[in-house]
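Only one structure is covered here, and it is reproduced in the block below.
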Amino acid sequence: MSARTVGNLEGKSVLITGAGRGIGKRLAMGFAQAGARVGLLARSQAELDLAKLEIEQVKGNALRIRADVRDLEQVSAAVDRMRVVFGSVDVLVAAAGVLGPIGPLLSTKPKNWNETIEINLIGAVNVCRAVLPHMIERRSGKVLLLVGWGSGHPRPNFTAHAASKAALVRFGECLAMEVSEHNVQVNCLAPGHSYTHMTDEILHAGEDRAGVKEIEEAEQIRITGGVNPEKQIQLALFLSSDRSNHISGKIFHVNDDWKRFERENMNPEAFTLRRVQRI
């Protein structure tokens, strides 16, 4: 199934935070190939330049926006620029995130721990604050929050990352209920294990700080590359398209059998932070 067949994103405007590298960049490429106009938001100008160039090489349409998601004023200005250039923000993909300090809590620096919460959680909240008024006014919009390992189960030695991502899931569930009457859907996507700079951070930390299990899994991801990016793109496109208008307040893992929910009703407790899947 090609990116252009999973959902009708032709001409839609998609703002992606953390689009300079990693999974955010991969999703940006996928949305561009699906015909969407993509706003690339990140802190690194060099990474933004490269991402835009790669999108243009596949005949995509992208706009570079340098901003720090921790700064609401910068984020609001970025959304305003998207609206000026593309007319609207139809889809928000909040992919900006950091792994944060690795190691037992008492061995980590409070400043680094707190910064992880600011980027992963508050950063996502800021972009939602910026895009939602216009989505509510138009009575149409999609918000996709990228969560990850630690949002569904304990992750020792990664307390800041796990706490921020679990909180982000519950934030998404609450927000979905708040905006449901305005025809805006909010969902979370767990992209699975992928080889990114975070993988190298874990390997560099070593067994003493990351733990034996984390190192073994990171080494395997480095060898295999992890989840096929196409699977991540397919799920993101589905949750951003009209085909998922009846789905909101859910968390989907890339390996879930999510395609069946295009036509089936979901148990209200299924695919939530509790991860009740088989009720």
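The values are calculated or read from the model by the stated rules, or taken from the named source; none is laboratory data. Keep in mind that what you see is a predicted model, and the values were worked out from it rather than measured. No Cβ is skipped: glycine too gets one built from the backbone with ideal geometry, and neighbour counts run over all protein chains shown. Note: areas computed on protein heavy atoms with side chains; ligands, DNA, RNA excluded. Shrake-Rupley method; radii C 1.70, N 1.55, O 1.52, S 1.80 Å.
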*asked:* Just to be sure before I move on: is residue 47 open to solvent by 40 Å² or more (accessible area, probe 1.4 Å), touching a Gly at 6+ places or on another chain (Cβ under 8 Å), assigned to a helix (DSSP H, G or I) and not β-branched (Val, Ile, Thr) in the structure I sent?
replied: yes
*Do the conditions hold for residue 230, that is, is it surrounded by fewer than 19 Cβ atoms within 10 Å (Cβ to Cβ) and part of a helix (DSSP H, G or I)?*
yes
*Taking into account only those residues within region 61-117 that are touching a strand residue (DSSP E or B) at 6+ places or on another chain (Cβ under 8 Å) and among the polar types (S, T, N, Q), which is nearest to residue 18 (Cα to Cα)?*
61
_What are the pairs with Cβ atoms under 8 angstrom where one residue, in region 57-76, is free of Cβ contacts under 8 Å to residues at least 12 places away in the same chain and the other, located anywhere, is part of a loop (DSSP other than H, G, I, E, B)? Sequence gap at least six, or different chains._
74/67; 74/68
*asked:* Checking the conditions here, which among 69, 75, 58, 79 is among the β-branched types (Val, Ile, Thr) and open to solvent by 20 Å² or more (accessible area, probe 1.4 Å)?
replied: 58
*Across region 90-103, what is the total count of residues that are open to solvent by 10 Å² or more (accessible area, probe 1.4 Å) and either in contact (Cβ under 8 Å) with a residue 60 or more places away in the chain or among the small types (Gly, Ala, Ser) (or both)?*
7
*Report whether or not residue 120 is open to solvent by less than 50 Å² (accessible area, probe 1.4 Å) and closer than 18 Å to residue 23 by Cβ.*
yes
_Suppose we filter 183, 187 for residues that are open to solvent by 50 Å² or more (accessible area, probe 1.4 Å) and touching a residue at least 60 places away in the same chain (Cβ under 8 Å); which single one remains?_
183
_Looking only at residues that are surrounded by fewer than 24 Cβ atoms within 10 Å (Cβ to Cβ) and on the phi > 0 side of the Ramachandran plot in region 14-37, which one is farthest from the chain's Cα centre (by Cα)?_
35
